[in-house]
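*Asks:* Sharing a structure below in structure tokens format, with a few things to ask.
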Amino acid sequence: MPIQQLPDTLVNQIAAGEVVERPASVVKELVENALDAGATRVDIDLEEGGARLIRIRDDGGGIPRDQLPLAVARHATSKITSLEDLEEVGTLGFRGEALPSIASVSRFALTSRPDGAEHAHRLEVDGGRAGELSPHPHPPGTTVEVRDLFYNVPARRRFLRAERTELGHIEEWLRSLALARPRVELRISHNGRQSRHYRPVGGDGEHLARVAEALGPDFTSQCLAIDHSGAGLRLHGWVGLPTAARSSANQQYFYVNGRAVRDRIVAHAVRQAYADVLFHGRHPAFVLFLEIDPRRVDVNVHPAKHEVRFRDGRLVHDFLYRTLHEALADTRAGLAGGQPA
Ligand code: ADP
Ligand code: MG
């Protein structure tokens, strides 16, 4: 075969392989877009675990009519314009990849009414083929509808799990987002029934109310608040006491500048800090936020953006370890001569 340039739709479908693993990844990308647009309220409607329908409506800044086609075009973004911007990016998105990828593997519609506009417009995209713009009733803000995810990619569709499993993954992502954005109201409905409602909480002191809502009283009644700064870093949030430890690592939420990440350096520092207060095989629960100069961390490591690379990993590791070790000191003293949990 001669070398040929691939058509855009196919390029998007290939990229979708990295960004859109399952319905939960679609929900994550779309809700992140809503948050980047300044939404204070996001409604998430799902059918059949998201496989049949994912509809996300927000009250954010919206998209002007003439920009709707760009929103679903590849590598088109309003969030960065230069490499310098990328180095200090403060939004959750910046790659301009999510909408074109999602639209290439679903029946997709984007409806938006920007701030100050009288009317909304809608753009439908079917398996990557965009239709015409049409006027559409809609309050200020944006709705994205994703129907029949992977309908044109049977290999992917076959990998979808049972409705409950996919819903579980979606709810887990939303829990993670809800923990980081206590002021944003999130409503989730599944097959026409409300399944979760995170009410907005005000003020910094109220953040714990959202944590309680997301994780339940087992965590919040057995945790310590942390807020420590040093070396240009700040770590704040809550760490579970040894009594709140779990048999799996399923209550561990770590954010770097508001973005949920999984990171080996972080995992190692936390494990070490807890080493002498937990039995082998027990896992600490925590909700921790690291604030760091964006220039000291690279968020452009993976298309799905749940990994980061710290410029000075050793320093971050030691800061985390020392802060947590110190916070658990009383626990350790209480254990002297006793048994770990
Ligand atoms: P990225 O988030 O990386 O910029 P996306 O493909 O997710 O890329 O979105 C493309 C662009 O569409 C965004 O940069 C933004 O300008 C616009 N957009 C997407 N979703 C929304 C939304 N819910 N509200 C306002 N603008 C949006
Ligand atoms: Mg995005």
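*Asks:* Mind listing just one residue for me: the one in the stretch 120-141 that is in a loop (DSSP other than H, G, I, E, B), out of contact with any Lys or Arg (no Cβ under 6 Å at 6 or more places or on another chain) and in contact (Cβ under 8 Å) with a residue 24 or more places away in the chain and, of those, surrounded by the most Cβ atoms within 10 Å (Cβ to Cβ)?
*Replies:* Filtering first and then ranking leaves Gly128.
*Asks:* Next question. Of the residues that sit in the stretch 227-240 and are surrounded by 20 or more Cβ atoms within 10 Å (Cβ to Cβ) and touching a Ser or Thr at 6+ places or on another chain (Cβ under 8 Å), which one is farthest from Glu206 (Cα to Cα)?
*Replies:* Leu235
*Asks:* Of the numbered conditions (1) of a type in the set (S, T, N, Q); (2) over 22 Å from Gln194 (Cβ atoms); (3) under 17 Å from the mean Cα position of the chain (by Cα); (4) surrounded by fewer than 22 Cβ atoms within 10 Å (Cβ to Cβ), Ser25 fails exactly one; give the number of that condition.
*Replies:* Among (1) of a type in the set (S, T, N, Q); (2) over 22 Å from Gln194 (Cβ atoms); (3) under 17 Å from the mean Cα position of the chain (by Cα); (4) surrounded by fewer than 22 Cβ atoms within 10 Å (Cβ to Cβ), Ser25 violates only (4).
*Asks:* Taking the residues in the stretch 215-257 that are assigned to a loop (DSSP other than H, G, I, E, B) and either of a type in the set (Ser, Thr, Tyr) or in contact with a Lys or Arg (Cβ under 8 Å, 6 or more places away or on another chain) (or both) as candidates, determine which candidate is nearest to Leu328 (Cα to Cα).
*Replies:* Among those that are assigned to a loop (DSSP other than H, G, I, E, B) and either of a type in the set (Ser, Thr, Tyr) or in contact with a Lys or Arg (Cβ under 8 Å, 6 or more places away or on another chain) (or both), it is Ala245.
*Asks:* Additional query: Do we find that Arg164 is modelled with pLDDT under 95, assigned to a helix (DSSP H, G or I) and under 27 Å from Gly17 (Cβ atoms) in this structure?
*Replies:* No: the conditions fail for Arg164.
Here is a yes/no grid of residues against (1) touching a Leu at 6+ places or on another chain (Cβ under 7 Å); (2) outside the structural domain of Leu290 (by TED's automatic domain parsing); (3) near ligand 1 (Cβ under 7 Å from one of its atoms):
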position	(1), (2), (3)
Gly60	no, yes, yes
Leu68	yes, yes, no
Thr77	no, yes, yes
Glu87	no, yes, no
Glu97	no, yes, yes
Ile102	no, yes, no
Arg107	no, yes, no
Ser112	yes, yes, yes
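*Asks:* A follow-up question, please. Return the pair list, or none, for Cβ contacts closer than 8 Å from residues in the stretch 93-107 that are of a type in the set (Phe, Trp, Tyr) to residues that are more than 8 Å from ligand 1 (Cβ to nearest atom) and in a helix (DSSP H, G or I), at least 6 apart or on different chains.
*Replies:* Cβ pairs passing all conditions: Phe94/Asp85; Phe94/Leu86.
*Asks:* Hey, could you check the stretch 76-109 for residues that are within 19 Å of Ser25 (Cα to Cα) and away from ligand 2 (no atom under 12 Å from the Cβ) and say which is surrounded by the fewest Cβ atoms within 10 Å (Cβ to Cβ)?
*Replies:* So the residue we want is Arg107.
The values are calculated or read from the model by the stated rules, or taken from the named source; none is laboratory data. No experiment lies behind these values; they were computed from the predicted model shown. For neighbour counting, all protein chains shown are included, and Cβ atoms are generated from backbone atoms with ideal geometry for every residue, glycine included.
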